[in-house]
Amino acid sequence: LTCDAPVVPPTVIRRLTRDQYDLTVRDLLGDATGPARAFPADDDAEGFQVGGIASALLVEQVAATAEVLAERAAMDLDALLPCSPTAAGCADAFIDDFGRRAYRRPLTDDEHARLRTVFDVGEAEEGFAGGAELVVRTVLQSPHFLYHVEEVPASASAGDVVPVEDYALASRLSYFLWGSMPDEALLDAAAAGRLRDRAGLLAEAERMLEDPRALEGFHSFTGQWLHVEKIDGVSKDPAVHPEFTDAVARDLQRSLELFLEEVFERGDARLLFDATFAYVNANVAPYFGLEASDFGDDFERVDVDPTQRAGIVTHPGLLAYLGKPNQSDPIHRAVFVFERLLCQNLPSPPDDIAIVAPDPEPGLTTRERFAEHSSNPACASCHALLDPIGFGFEHYDATGAWRDEENGRPVDATGEIVGTEDVNGPFDGAVDLAHRLSESDQATRCVARELFRFALQRVEVSDDACSLQSIDDGFAEADYDLRELMLAIVGSDAFRFQQVQP
């Protein structure tokens, strides 16, 4: 690769995702009600949420939500205003202060003038509080609040690669690391031009990684990448697993979140694959092979049986999500390994094939029931890849609990992985596979790819080759430290530059 000058693909304007909207109104207005949960679902880009085209329904909901949030904010003027309503010039100070934080940049003179007109209309009807309420309501419906708007120099031509403008870069940084708007310190750094220098940008990133909001950003990433945020919605067939309640699903999700928090604090990405600790309470203890009576409602950090558990690959919460309501699911567990942990795309199944797992049959194991996949010519090519991996998870039932037998037959969890760069070969059980992944360059690069996709809210393309090479090199040199990976992404050309669109 020749990487003498920045090369990046055209930037696509993105709307705030539902998560970003909720965290932004929390930090902007102190409102933690999560109103965007009621918005239509975000678009999906390789498993990550992105704000796509605004539907008519979304526009209506944004308008209605802005009205409610504004009314609520105006009820506490002390929290909303930077000055006393009776002080001279407070209206203008409020407009500039609120507009700067909401738009993530200073207002232009024209924007200020128009918002002042809005304020005057509201003030004439309901006093200062009415003016402030109407300004908030207006701003929350502006594209400069709802979208990641990135201006380019007026002198730039289509196709030019230019640095991301200071305030837009501050927003890229805050929505990557925190999932929310920039704080005052970051806006001040943008105003002073400190983000234009790579060292200055990384210094701000390091500061932000020490903030508790960085953990929220990491949870947003892992929640989408590893499906963690979906575990509390898992249900099982009560006739087969009556013990698997909504409370169990909720606590399994929290167990995995606490595990990931420790991985984030310790930094070593390889713990994702080979850690032998877990967070357990009475509800989830049986799914780790532990006695519920030894625990209470609070979670405790415990060492788990290293022959049965290793990192995320064998966490019962994830395995329950990747299981069927009444049986294990070798196919979806294998797809998860290929697509999420190795970043390999699999072809879609034929349109004329019904994707239905064979029903459990007395006396037959899952391996035997799934034999049709390898005998059906339409299925054979994909399942030659998937089945040998998925069968390696057969020690875990539909709930993720360990089992030595299925239907009175000993479990055969031997498997084989093929079609990868450096993980190929036979293995015996998911723990063995997890250790293979912990030593795999492909798996650690996949962690970097997934975080890159989350940070830029897009999939990598050929123009990202130089950026990806620098990120991979930095990650390896830092001995696979997750925080150093985040800094490598922030310092990359793909993060710091944009290509001008027509």
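Of all the residues that make up the range 242-276, how many are in contact (Cβ under 8 Å) with a residue 60 or more places away in the chain, closer than 27 Å to Arg449 by Cα, crowded, with 17+ Cβ neighbours inside 10 Å and of a type outside the set (Phe, Trp, Tyr)?
Going through the range 242-276 one residue at a time, the tally reaches 9.
For the range 365-388, does any single residue satisfy the condition of being at pLDDT 95 or above, surrounded by 19 or more Cβ atoms within 10 Å (Cβ to Cβ) and not in a helix (DSSP H, G or I)? So that I can check it myself, show each step before the final result.
Going residue by residue through the range 365-388, those that are at pLDDT 95 or above are none.
For the range 365-388, residues at pLDDT 95 or above, surrounded by 19 or more Cβ atoms within 10 Å (Cβ to Cβ) and not in a helix (DSSP H, G or I): absent.
Which of the residues spanning the range 289-338 are within 28 Å of the chain's Cα centre (by Cα), among the aromatic types (Phe, Trp, Tyr) and over 26 Å from Thr365 (Cβ atoms)?
Within the range 289-338, just Phe299 meets the criteria.
Any chance the range 442-456 includes a residue that's touching a residue at least 12 places away in the same chain (Cβ under 8 Å), open to solvent by 60 Å² or more (accessible area, probe 1.4 Å) and touching a strand residue (DSSP E or B) at 6+ places or on another chain (Cβ under 6 Å)? It would help to see each step written out before you state the result.
Of the residues in the range 442-456, the ones touching a residue at least 12 places away in the same chain (Cβ under 8 Å) are 442-456.
Next cut, open to solvent by 60 Å² or more (accessible area, probe 1.4 Å) only: 445.
Now narrow it down to the ones that are touching a strand residue (DSSP E or B) at 6+ places or on another chain (Cβ under 6 Å): none.
No.
Working only within the range 79-117, note down all residues that are of a type outside the set (A, V, I, L, M), within 36 Å of the chain's Cα centre (by Cα), open to solvent by 40 Å² or more (accessible area, probe 1.4 Å) and more than 13 Å from Leu187 (Cβ to Cβ).
Pro82, Thr108
Just one of (1) at positive phi; (2) in contact (Cβ under 8 Å) with a residue 24 or more places away in the chain trips up Gly89, so point out which.
Going through the list (1) at positive phi; (2) in contact (Cβ under 8 Å) with a residue 24 or more places away in the chain, Gly89 breaks only (2).
I want to confirm something. Restricting to the range 403-417 and keeping residues that are open to solvent by less than 50 Å² (accessible area, probe 1.4 Å) and either out of contact with any Asp or Glu (no Cβ under 6 Å at 6 or more places or on another chain) or small (Gly, Ala, Ser) (or both), which single residue is farthest from Gly392 (Cα to Cα)? Please lay out each step first, then the result.
Let us first name the residues in the range 403-417 that are open to solvent by less than 50 Å² (accessible area, probe 1.4 Å), namely 403, 406, 411, 413, 415, 417.
Now narrow it down to the ones that are either out of contact with any Asp or Glu (no Cβ under 6 Å at 6 or more places or on another chain) or small (Gly, Ala, Ser) (or both): 406, 413, 415, 417.
Details: Glu406: 14, Ala413: 4, Gly415: 5, Ile417: 10 Å.
Step by step, filter the range 403-417, then rank; the result is Glu406.
May I ask you to list pairs of residues, at least six apart or on different chains, whose Cβ atoms are under 7 Å apart, with the first in the range 469-494 being closer than 18 Å to Phe264 by Cβ and modelled with pLDDT of 95 or more and the second being in a loop (DSSP other than H, G, I, E, B) and open to solvent by 10 Å² or more (accessible area, probe 1.4 Å)?
Tyr480/Arg270; Glu484/Ala478
The rows are residues; the columns are (1) exposed (fewer than 14 other Cβ atoms within 10 Å of the Cβ); (2) free of Cβ contacts under 8 Å to residues at least 40 places away in the same chain; (3) at positive phi.
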residue: Gly217; (1), (2), (3): no, no, no
residue: Ser220; (1), (2), (3): no, no, no
residue: Gly223; (1), (2), (3): no, yes, no
residue: Ser235; (1), (2), (3): yes, no, no
residue: Ala239; (1), (2), (3): yes, no, no
residue: Ala278; (1), (2), (3): no, yes, no
residue: Asn281; (1), (2), (3): no, yes, no
residue: Ser293; (1), (2), (3): yes, yes, no
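What pairs come up if the first residue lies in the range 64-85 and is touching a residue at least 24 places away in the same chain (Cβ under 8 Å), the second is crowded, with 19+ Cβ neighbours inside 10 Å and of a type in the set (S, T, N, Q), and their beta carbons are under 7 Å apart, counting only those six or more places apart or on different chains?
none
Is it the case that some residue within the range 179-200 is open to solvent by 10 Å² or more (accessible area, probe 1.4 Å), in a helix (DSSP H, G or I) and farther than 24 Å from Ala102 by Cα?
Yes, the range 179-200 has at least one match.
Residue by residue, here is whether (1) of a type in the set (Lys, Arg); (2) part of a loop (DSSP other than H, G, I, E, B) holds:
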residue	(1), (2)
Asp298	no, yes
Arg301	yes, no
Gln308	no, yes
Ile312	no, no
Ala320	no, no
Pro325	no, yes
Ser328	no, yes
His332	no, no
Val337	no, no
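Can you confirm whether the range 16-29 contains a residue that is touching a strand residue (DSSP E or B) at 6+ places or on another chain (Cβ under 8 Å), among the aliphatic types (A, V, I, L, M) and assigned to a loop (DSSP other than H, G, I, E, B)? Quick ask: steps written out before the conclusion?
Filtering the range 16-29 down to residues touching a strand residue (DSSP E or B) at 6+ places or on another chain (Cβ under 8 Å) leaves 16-20.
Narrowing further to those that are among the aliphatic types (A, V, I, L, M): 16.
Checking the rest, the ones that are also assigned to a loop (DSSP other than H, G, I, E, B) come to 16.
Scanning the range 16-29, I find at least one residue that is touching a strand residue (DSSP E or B) at 6+ places or on another chain (Cβ under 8 Å), among the aliphatic types (A, V, I, L, M) and assigned to a loop (DSSP other than H, G, I, E, B), so the answer is yes.
Under 6 Å between Cβ atoms, at least 6 apart or on separate chains: pull out the pairs that start in the range 118-146 with a residue that is open to solvent by 30 Å² or more (accessible area, probe 1.4 Å) and modelled with pLDDT under 95 and end on any residue that is among the acidic types (Asp, Glu) and not in a helix (DSSP H, G or I).
Correct list of pairs: empty, since none qualify.
Within the range 251-261, identify whether any single residue is at pLDDT 95 or above and closer than 16 Å to Asp397 by Cα, and answer yes or no.
As a first pass, look at the range 251-261 and keep what is at pLDDT 95 or above: 251-261.
Those left that are additionally closer than 16 Å to Asp397 by Cα: 252.
Taking every residue of the range 251-261 in turn, at least one turns out to be at pLDDT 95 or above and closer than 16 Å to Asp397 by Cα.
The values are calculated or read from the model by the stated rules, or taken from the named source; none is laboratory data. Here the structure is a predicted model, which is why all the values come from computation and not from measurement. Cβ coordinates were reconstructed from backbone atoms using ideal geometry, including for glycine residues, and neighbour counts include every protein chain displayed. For accessibility, only protein heavy atoms count, side chains too; no ligands or nucleic acids. Shrake-Rupley method; radii C 1.70, N 1.55, O 1.52, S 1.80 Å.
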